[in-house]
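S.K.: Before I ask anything, let me first share the structure, which is written out below as C-alpha cells.
Bear in mind that the values in this text are calculations on the coordinates, not laboratory data. On a predicted model such as this, the values are computed, not experimentally measured, just so you know. With ideal geometry, Cβ positions are generated from the backbone for all residues, glycine too; neighbour counts draw on all protein chains shown.
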Amino acid sequence: MIIDSHCHLHFDSFKSDRDQVIASCIEHGVIINTVGTHSGTSKRAVELAEKNENMYATIGLHPTHVFPMEVHGDEYDFISKAETFDEAYYDTLAQSEKVIAVGECGIDLFHLPENKSTEEVLEKQKEVFLKQVDFANKYNLPLVIHVRDAHEQLIQILKSEVRSPKSAVVHCYTSNWGNAGKYLDMGFYLGFTGVITFPPKKTDPKSQEDLIEVVKKCPLNRMLIETDAPYLAPQAYRGQRCEPWMVEDVIKKIAEIRGKTLDEIKNILYQNTLNLFTRMKLKDS
Ligand SMILES: [Zn+2]
C-alpha cells in the first residue's frame, strides 16, 4: 500500500468526478489524507473521510485564510476567507476517528493582502498558528505545517516559543538543506511532492538542485510523500489536475535518487506515515 500523506480531494476541483478519482486510488492501492484549509474545507474533509474506508482527514486553518484576499495561486485562483481559529468548532470535528492531524497551518508570506504590512500579517498568522499547535497537542495529534517564503520566520517562532508541536511534518518541502536540517533537528518529518520530479527552472536552476540535495541527504525514516492534489502534478502529468495515485511518481523519483528499489522505498515511506499519523488505523498494518 501507498499513502498520499497530503492532498485535498474534497476541493471543488474534484466535484464532477470525485468518485472516479477515489476508485482509481483504490485500484492503485493508495490511501489518502485529505487536508482542510479552513472551517468549511476541514468539515468537508472529515465528511469525505467518514464515507470512505481508504481515507483520513486533517483539520485546520491555512495562513492564507487569516485575511481576506484574492489569491492567484500557481494553478487555481480563489478568494480567501478571513477566519480565526475557532477552537470549539474544531473540537467538534476532532471527535471523528478519521481525524489524524491538525493543519494545514503555518506561515505564508508569499500571498500577502494588499492593504496589510508584512509584520501585521506575520503577527496574525503566528497567533493563529500557535493556537493550532496547542490544539494539536491537546489531542495528541501531529501538525501539518505549510510554509512559503517564511522559513526563517517559522523556525524562529518554533524555537522561541515554549509551545512546540509534539510531532509534525513540513508539507511540500521545497527549500534547501540548511533549513531542512533545522526541521529535522526539531524531530519533524519532511513531505515531498511531485515538485521533486520537475526539471530545474531556467530562471533559477539552483532551487531544484537544492531540493534534490535534500532528497539525497534526508534520513529515509523522516521522509513522507504526498501529492498536494489538485496542485503540483508530477512532471509526467504536468499541466493536468493532480490526483493522489500520481504519488507513485514521487516514490519512483526518491528510489532513483537514493539508489534503492521501489519496494524498499515504498515500505519505508508507508511505515514513516504510520509512525507520524498514529491515529491512522489500517487493516493490514
Ligand atoms: Zn496542501
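S.K.: For Met186 and Arg163 in the same chain, what is the full-extension length gain: residue separation times 0.36 nm, less their Cα-Cα distance, in nm?
M.R.: In short, 7.0 nm is gained.
S.K.: Further, regarding this structure: Check which residues have an amide H placed less than 5 Å from Ala101's amide H, if you skip close sequence neighbours.
M.R.: Residues meeting the criterion, in which the H sits 1.01 Å from N, are Ile59.
S.K.: Does the chain classify as rounded, prolate or oblate by the C-alpha gyration tensor (a ≥ b ≥ c root eigenvalues; a/c under 1.5 gives rounded; else a/b over b/c gives prolate, otherwise oblate)?
M.R.: Rounded, because the longest to shortest axis ratio a/c is under 1.5.
S.K.: OK, next. Could you tell me what percent of the DSSP beta bridges with both partners in region 2-276 are antiparallel, to the nearest 5? Don't jump to the answer; show the numbers that get you there.
M.R.: Values: 3 of 28 bridges.
Given both bridge residues lie in region 2-276, the antiparallel proportion sits at roughly 10 percent.
S.K.: Output ³J(HN,Hα) for region 135-147: one whole-Hz value per residue in order, computed from phi by the Karplus curve 6.51 cos²θ - 1.76 cosθ + 1.60 with θ = phi - 60°, and x for Gly and Pro.
M.R.: 5, 4, 5, 4, 9, 6, 10, x, 9, 9, 9, 9, 9
S.K.: Would you list Ile59, Ile100 from fewest to most Cβ contacts within 10 Å?
M.R.: Listing Ile59, Ile100 from fewest to most nearby Cβ atoms yields Ile100, Ile59.
S.K.: Please give the length that would be gained between Thr261 and Glu213 if that part of the chain were fully extended, namely 0.36 nm times their separation in residues minus their C-alpha to C-alpha distance (nm, one decimal).
M.R.: Stretched out fully, the Thr261 to Glu213 stretch lengthens by 15.4 nm.
S.K.: Pairs of Cα atoms under 8 Å, at least six residues apart: use those to get the relative contact order of the chain, whole percent.
M.R.: The value is 18 percent.
S.K.: Another question, if that's okay. If r is the Cβ-Cβ distance from Glu50 to Asn115 and R0 is 25 Å, what FRET efficiency results, to the nearest 0.05?
M.R.: Values: r = 39 Å, r/R0 = 1.57.
FRET efficiency, Glu50 to Asn115: 0.05.
S.K.: Going 7 Å from the Cα of Arg279 along its beta-carbon direction, which residues of region 147-173 have the amide nitrogen within less than 17 Å of the resulting point?
M.R.: Answer for this model: 165-169.
S.K.: Also: Which pairs break 25 Å Cα to Cα here: Lys81/Lys281; Lys124/Lys166; Lys217/Lys260; Lys159/Lys217?
M.R.: Values: Lys81/Lys281 32 Å; Lys124/Lys166 22 Å; Lys217/Lys260 14 Å; Lys159/Lys217 23 Å.
Pairs exceeding 25 Å: Lys81/Lys281.
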